[in-house]
Amino acid sequence: MLMSEEDFDIKQPAPKSARITADLTALSKTMAPLTKQLFGKKGFVEVSILTNWDKIVGKELANYSFPQKIDFKREQKNNGILHLQVPSGAFALEIAHREKYILEKINAYFGYNAVSGLKIVQNSAISLAEEFVDEAPKQVDLVTDDEKKYIEAVSDEIKNSKLKEILIKLGHCIFNENHKKEK
């Protein structure tokens, strides 16, 4: 059914109060169904971990890990398993080493046992945050000339070039660690 011009009273403006509210509805009424669907599926805990990851675990860990999802048992929102993506095996090992610390930070943030375990997922498509790459610690060689000569002398008779190189690096690491402990 087509509407004609008589159906619209164009000549008479609506009262001021009617004009203001006639076409407008509260944003919360429009957004409520959408946010309810999102938060209903993901849950507050999951959304909060995603948006506050760097505040929860600290900038260092957040630079090379990304929370993917949390698996909860049916009808529960505690003791979940957090799936963390990391760029490589080295980072996976670091996360595994710090698992207890990460779980404590997450649960302290929420004030209850929201997460009880981690599942580490290696994903080479993840790139490190630029700040993390820039903040990589610079190696300072504290080895003295006499120590370098000693390392060379000890490794001089090694025929395998790769093994010799590894032993020289190991010698440098040992002397560097000893110097760090002395300080």
Next item on the list: With a 1.4 Å probe and every protein chain left in place, tell me how much accessible area residue 97 has, in Å² to the nearest 10.
Entry: 150 Å²
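Could you sort 161, 88, 155 by their accessible area in this structure, using a 1.4 Å probe and putting the largest first? List each step's numbers first, then the result.
On the way: 161 85, 88 40, 155 5 Å².
Largest accessible area first, the residues go 161, 88, 155.
How much length would be gained if the chain were fully extended between residue 150 and residue 116, taking 0.36 nm per residue of separation minus their Cα-Cα distance, in nm to one decimal? Walk me through the numbers before you get to the answer.
On the way: separation 34, 0.36 × 34 = 12.24 nm, distance 5.02 nm.
Computed gain between residue 150 and residue 116 is 7.2 nm.
Just subtract the alpha-carbon distance of residue 125 and residue 52 from 0.36 nm times their residue separation and send over the number in nm, one decimal. Can you show the working numbers first?
Values: separation 73, 0.36 × 73 = 26.28 nm, distance 2.19 nm.
Length gained between residue 125 and residue 52: 24.1 nm.
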Notebook entry, point to check: Using alpha carbon centroids, what distance separates the range 162-183 and the range 96-123, in Å?
Noted result: 34 Å
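The values are calculated or read from the model by the stated rules, or taken from the named source; none is laboratory data. All figures in this text were calculated on a predicted structure; none of them were measured in a lab. The protein model used for the area step is the full one, side chains on, heavy atoms only, and it has no ligands, DNA or RNA in it. Shrake-Rupley method; radii C 1.70, N 1.55, O 1.52, S 1.80 Å.
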